[in-house]
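Each value in this text was obtained by applying a stated rule to the coordinates, not by laboratory testing. Bear in mind the structure is a predicted one, so any value in this text is a computation, not a measurement. Every residue, glycine as well, gets a Cβ built from its backbone with ideal geometry; the counts of neighbours run over all protein chains shown.
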Amino acid sequence: MSAADASRWTLVAGPQFRTPELDSVDGIVAGAPELTLLRTIYVDTIDLRILRSGGELRLEHGRGWTVVLGSGENAAQHVARVHHFDGTQGVPPAALDLLTGYTRGAPVRPVLHTRTERRDVVLTDGDEQELGTLRDDLVTVMHGRRIATRFRELEVVASGDGNGEQARLASVVAALRAAGAAPASSAPTATRAMGAPAAAAPDVTVPPPSREPSAAEAVRRAIALAVTRLILNDAAVRVGTDPEGVHQARVATRRLRSDLRTFRPLLDAEWVARLREELSVVAGLLGAVRDTDVLLQRMNAAAATLRDGEATAAMGVVSGLEEARAAARTALLEVMRGERYRRLLDDLVGAASMPRTTPEASGNAAAILPSLARGPWRKLRKRVAQLPADPPDADLHEVRIFAKRARYAAEAVASVSRPGVGEFASAVAKLQEVLGDHHDAVVAEAWLRERESLIEDRFVLGELVGLERAAAAASRQAWPAAWAAARKAHPHQWS
C-alpha cells in the first residue's frame with residue numbers, strides 16, 4: 001500500500017475496475033455516490049515546465065481556472081498552493097503571473113484534454129460517524145474527438161487523524177486492492193495521463209551531496225540551492241500576504257551574490273559580473289519591501305506596549321509605513337513582471353544546471369573551496385580591529401555586512417570542510433543577528449524622527465523613539481560577546 005501521508009491512500013486501476021461492496025467491510029457504511037462530470041483542459045509550456053514541477057494550470061468547464069503551485073519539494077512556499085480564477089476563454093494574466101517562477105514567461109498552450117466521471121462516497125461507521133471519503137474517478141484522456149486512453153484513480157481520505165479511523169479505512173483500501181486496484185504515487189492526474197514527459201525532473205534540481213565532489217559540483221549545488229529558494233518564493237512575493245516570502249526571496253538573491261563572489265576565482269569573470277549586477281537590482285527592490293515589513297513589525301510591536309489612547313496615536317506611523325510598503329511593492333512588481341527579470345530567471349536556471357566554471361574547478365572541492373571562504377573572515381576580523389572603543393552606528397552596520405559575507409562564505413563550503421566550519425558559521429550568524437537587531441532599531445528611530453509629523457502627540461513620539469533607542473543600546477551591549485564567540489568558534493584548520 002502506498003500512502004501520501006498517514007490518512008490518505010492513492011490507488012489506480014484499469015477502466016473496467018468495479019468498486020466492491022464496501023458495506024461488506026467490517027464497520028463501514030458507504031453512502032450513496034455523488035456523481036460529478038468534469039471536462040478539463042490542462043495548459044502548459046511546450047516543455048511542460050508547470051507539470052514537471054508538480055504544478056497545474058487547468059480550465060474546468062463551468063468552474064473556471066485553477067493554478068496549483070507545484071508539489072512536494074517543488075511546491076511554492078509562504079503562499080496558498082491552490083488559486084482559482086474566473087473566466088472561460090484565455091488564460092487570466094494573473095494566473096500566468098503566479099506561475100512565472102516555473103514558466104519564466106514562456107508561452108503556454110493546451111497540452112491535455114480530459115473527461116472525468118467522479119463518484120464521491122462518504123464512509124461512516126455504524127453510529128453514522130463520518131470516517132472519510134472515497135473518491136473514484138474514471139479519467140478519459142482525449143486526443144481531439146478520439147479517446148486516447150482511460151484509467152481509474154481512487155483516493156481514500158480520512159476525515160480526522162485518529163488511529164481508529166485510519167485502521168478502518170485501511171480495511172477499505174485492502175478491499176479495493178483485492179478487487180484489482182494497485183498502489184500509486186500521489187502524482188497529479190495530468191502527470192499520470194501524460195506519462196514520462198510530465199513526470200520528468202523540473203528545470204532546477206539540487207544534486208545530492210557526493211562523498212568527494214569536485215569544486216565544480218559543489219559550486220553547482222550551492223547555486224542550485226539558492227536558485228530553488230528564489231523560484232519557490234516568487235509567487236509569495238507576487239501575492240504579498242506573507243512577509244516571509246519577500247524575506248526568503250531576498251535571502252536567495254543575497255546568498256547567490258555572495259556565493260558568486262566567494263567562488264569567483266573558479267568562474268568565468270564576465271559571466272559572474274553580469275549575474276551579480278542583475279541580482280543586485282532585484283535584491284535592492286526586495287530589500288526596500290523587506291525593510292518596510294521590518295519597520296511595520298517593530299512599530300506594531302511598539303504600539304502594542306502603549307496605553308490605548310497612546311497606541312491609537314501611534315497608528316499614524318503604521319499607516320505611513322503601509323503606504324511606503326505599497327509603493328515599494330509597486331516598484332518591485334513592475335520589475336518582476338518585466339522581460340529583464342524573466343531573462344534573469346532563465347540565466348539562473350542555466351547557472352543551477354551548468355555554471356560557467358574554469359578548468360581549475362575540476363579539482364577536489366575539499367582541497368580548493370575552504371581557502372576561498374577564509375578571505376571574508378579575514379576582512380571581518382580586520383574591520384573589527386579598526387573600530388574605536390565606542391563605534392558609531394554606521395561602523396557597526398558595516399561590521400554586520402562583513403559578518404554576513406563571512407557567514408555565507410563559510411556556509412557555502414561547510415559541506416566540504418572540517419565540521420568546525422559549520423559551527424563557526426552558526427556563531428557568525430548569531431553575531432550578524434545581534435548587529436541586525438541594532439541596525440533595525442537605529443533605522444526605526446531615524447525613520448520616526450524624519451516623519452514625526454505622522455504623530456501629533458509628541459509624548460507618544462518620544463515613547464516610540466525611546467523604545468527603539470533602548471533596543472539599539474541592548475544590541476550594542478550584546479555584540480562584543482557575540483563577536484568573542486565567533487572568534488572562539490573559528491577553526492584553526494578549514495580543510
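Assorted remarks:
- The GluC sites (Glu not before Pro) found in the stretch 404-495 that occupy coil by DSSP, while having at most 11 further C-beta atoms within 10 Å, are E456.
- Global dimensions of the stretch 206-363 from alpha-carbon coordinates: Rg and Dmax equal 19.3, 67 Å.
- Positive-end residue of L11, V173, L230, charge dipole of the chain with Cβ unit charges: L230
- Lys/Arg +1, Asp/Glu -1 at C-beta; the stretch 367-495 dipole; positive extreme among S475, A406, G462: A406
- In Hz, Karplus ³J(HN,Hα) per residue of the stretch 257-274 (6.51, -1.76, 1.60; θ = phi - 60°; x = Gly, Pro): 5, 5, 5, 5, 5, 4, 8, 3, x, 9, 10, 4, 4, 5, 4, 4, 4, 5
- The stretch 360-426: translational diffusion in µm²/s, Stokes-Einstein, Kirkwood Rh over Cα pairs, 10 °C, 1.306 mPa s: 123 µm²/s
- Cα centre as origin, Lys/Arg/Asp/Glu Cβ charges: the chain dipole, Debye: 2300 debye
- Karplus-derived 3J(HN,Hα), 6.51/-1.76/1.60, for each residue of the stretch 177-193, Hz, glycine and proline x: 5, 5, 7, x, 6, 10, x, 8, 6, 8, 4, x, 4, 4, 5, 5, 6
- Reference-scaled alpha-carbon Rg (2.2 N^0.38 Å with N residues) for the stretch 313-380: 1.95
- With a Förster radius of 30 Å applied to the C-beta separation of F459 and H397, the computed FRET efficiency comes to 0.50.
- Per-residue ³J(HN,Hα) for the stretch 485-495, Karplus 6.51 cos²θ - 1.76 cosθ + 1.60, θ = phi - 60°, Hz, x for Gly and Pro: 5, 5, 5, 5, 6, 4, x, 6, 10, 9, 9
- Per-selection Rg to Rh, the stretch 3-199 - Cα, Kirkwood hydrodynamic radius: 1.00
- Equivalent ellipsoid of the stretch 25-81: semi-axes from √(5λ) of the C-alpha gyration tensor, largest first, are 30, 18, 11 Å.
- Quotient of C-alpha Rg and 2.2 N^0.38 Å, computed over the stretch 364-495: 1.28
- Sites matching trypsin sites (Lys or Arg not before Pro) across the stretch 226-329 that sit in DSSP coil, with at most 15 neighbouring C-beta atoms within 10 Å: R307
- On the principal axes of its alpha carbon atoms, the chain extends 82, 67, 46 Å, with the longest extent given first.
- Across all directions, the average projected area of the convex hull around the alpha carbons of the stretch 399-472 is 5.6 nm².
- Across the chain, the mean sequence separation of Cα contacts (distance under 8 Å, 6 or more residues apart), normalised by length, yields a relative contact order of 14 percent.
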